[in-house]
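Asker: Just dropping this structure here.
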Amino acid sequence: MRCYDCATESGISTEAHATCAACGAGICLTHTVEGYAQEPVKATLGNPSARRGHGRRMFCSKCAPDYLAQAGLVAGGMLRAG
Ligand SMILES: [Zn+2]
Ligand SMILES: [Zn+2]
């Protein structure tokens with residue numbers, strides 16, 4: 001599999017090292033954002049509606065969840081671009 005983001009952004013062909021957990025696109029190391037599984041929990045006032053689950057999830061820069069941006073794991077701008 002090839003990296004979808006490399007192909008669409010730069011027109012280059014790069015070997016994919018992971019698959020986006022959200023959209024299923026192939027992603028190279030440069031475009032991979034490492035996150036974690038989330039479990040939805042019953043929302044109560046002032047509490048988060050999801051908590052960290054077990055395991056790792058890989059996302060492309062487009063699908064990286066908000067919690068990764070808040071943690072500073074996603075370069076600013078990449079997440080909201082497009
Ligand atoms: Zn790439
Ligand atoms: Zn994705």
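Asker: Provide a single number: the residues in the range 8-17 that are surrounded by 11 or more Cβ atoms within 10 Å (Cβ to Cβ) and out of contact with any helix residue (DSSP H, G or I) (no Cβ under 8 Å at 6 or more places or on another chain).
Answerer: Residues in the range 8-17 being surrounded by 11 or more Cβ atoms within 10 Å (Cβ to Cβ) and out of contact with any helix residue (DSSP H, G or I) (no Cβ under 8 Å at 6 or more places or on another chain): 3 in total.
Asker: For the range 1-35, give me each residue that is among the hydroxyl-bearing types (Ser, Thr, Tyr) and not in a strand (DSSP E or B).
Answerer: The answer is TYR4, THR8, SER10, SER13, THR14, THR30, THR32.
Asker: Quick one: in the range 28-57, of everything that is buried (at least 16 other Cβ atoms within 10 Å of the Cβ) and within 14 Å of ligand 1 (Cβ to nearest atom), which residue is nearest to ALA71 (Cα to Cα)?
Answerer: VAL33
Asker: A further question follows. Do we find that ALA25 is within 16 Å of ligand 1 (Cβ to nearest atom), of a type in the set (A, V, I, L, M) and either at pLDDT 85 or above or exposed (fewer than 10 other Cβ atoms within 10 Å of the Cβ) (or both) in this structure?
Answerer: yes
Asker: For residues that are of a type in the set (D, E, K, R) and in a loop (DSSP other than H, G, I, E, B), tally how many sit in the range 45-73.
Answerer: Count: 1.
Asker: Another question, then. The conditions are (1) within 13 Å of ligand 1 (Cβ to nearest atom); (2) within 13 Å of the chain's Cα centre (by Cα); (3) at pLDDT 90 or above; (4) surrounded by fewer than 17 Cβ atoms within 10 Å (Cβ to Cβ), and CYS20 fails exactly one of them. Which is it?
Answerer: (4)
The values are calculated or read from the model by the stated rules, or taken from the named source; none is laboratory data. Fair warning: this is a prediction, and the values are worked out from it, not measured in the lab. Using ideal geometry, Cβ is built from the backbone for each residue, glycine included, and neighbour counts are taken over all protein chains shown.
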